[in-house]
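Colleague: The structure follows.
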Amino acid sequence: MAVTKTMTKATPYETSGKAQEWHLEMKYENDSEGDATYYTNTFSHRSVVANGDFTAAAKGTFSKADLTALCPVSQWDVVFASMVDSVITNPVVNPVADESFSVPS
């Protein structure tokens, strides 16, 4: 399972030129589009200074690594692996009706 993680959105909310909140999105992709094992999901997270998530600073001082560190990536990894397992690796098999069955006499 080759999983690719891409930060697709980082929106700062500022006061006095300093980011007070970030809304972040990260797209997870299992394998490549078109493959039978391809699966994707986008996770989102809100980090807030008032919650102690980070220290207020100018938005330009945040690197991609800083923004990624604000996300619960280890939690997302577990959830995504579970999604892939339940949808791709071990999908639910729905029962099939046997309309030819006759009630025994």
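Rule-based calculations on the coordinates, nothing more; no lab input. Bear in mind the structure is a predicted one, so any value in this text is a computation, not a measurement. When we count neighbours, we look across all protein chains shown, and the Cβ atoms used for this are built from the backbone with ideal geometry, even at glycine.
Colleague: Please return the longest range in the chain lying between exposed loop sites, taking GluC sites (Glu not before Pro), DSSP loop only, at most 14 other beta-carbon atoms within 10 Å, and leaving the sites out.
Modeller: That gives 34-98 as the longest site-free run.
Colleague: Once the piece of chain linking ASP85 and GLU14 is laid out straight, how much longer is it, given 0.36 nm per residue of separation minus the C-alpha distance between them?
Modeller: Full extension of this stretch gives 21.6 nm more.
Colleague: Also, I was wondering about something else. Based on DSSP H runs of at least 4 residues, each adding -39500 (n - 2.57), what is the mean residue ellipticity at 222 nm of the chain after dividing by all its residues, to the nearest 500 deg cm²/dmol?
Modeller: The helix contribution divided over the chain gives -5000 deg cm²/dmol.
Colleague: When all alpha-carbon pairs of the chain are counted, what percent fall beyond 20 Å?
Modeller: 54
Colleague: Same structure again: Pick out, in residue order, every one of the trypsin sites (Lys or Arg not before Pro) in region 1-60 that is DSSP loop and has at most 10 other C-beta atoms within 10 Å; say none if there are none.
Modeller: Answer in residue order: no site qualifies.
Colleague: Measure nothing fancy, just the Cα-based angle from helix 73-84's long axis to the longest principal axis of the chain, in degrees from 0 to 90, nearest 10.
Modeller: That works out to roughly 20 degrees.
Colleague: Sticking with this one: For SER63 and LYS27 in one chain, what is 0.36 nm times their gap in residues minus the Cα-Cα distance, to one decimal in nm?
Modeller: 11.2 nm
Colleague: Also, I was wondering about something else. For a paramagnetic label modelled at 7 Å from the Cα of VAL48 toward its Cβ, which residues of region 1-27 fall within the zone defined by backbone nitrogen distances under 20 Å?
Modeller: Within reach of a label on VAL48, which here means backbone N under 20 Å from a point 7 Å along Cα→Cβ, region 1-27 contributes 10-26.
Colleague: Loop sites only, by DSSP: take the chymotrypsin sites (Phe, Trp or Tyr not before Pro) in the chain that have at most 13 other C-beta atoms within 10 Å and name the longest stretch containing none of them.
Modeller: 39-100
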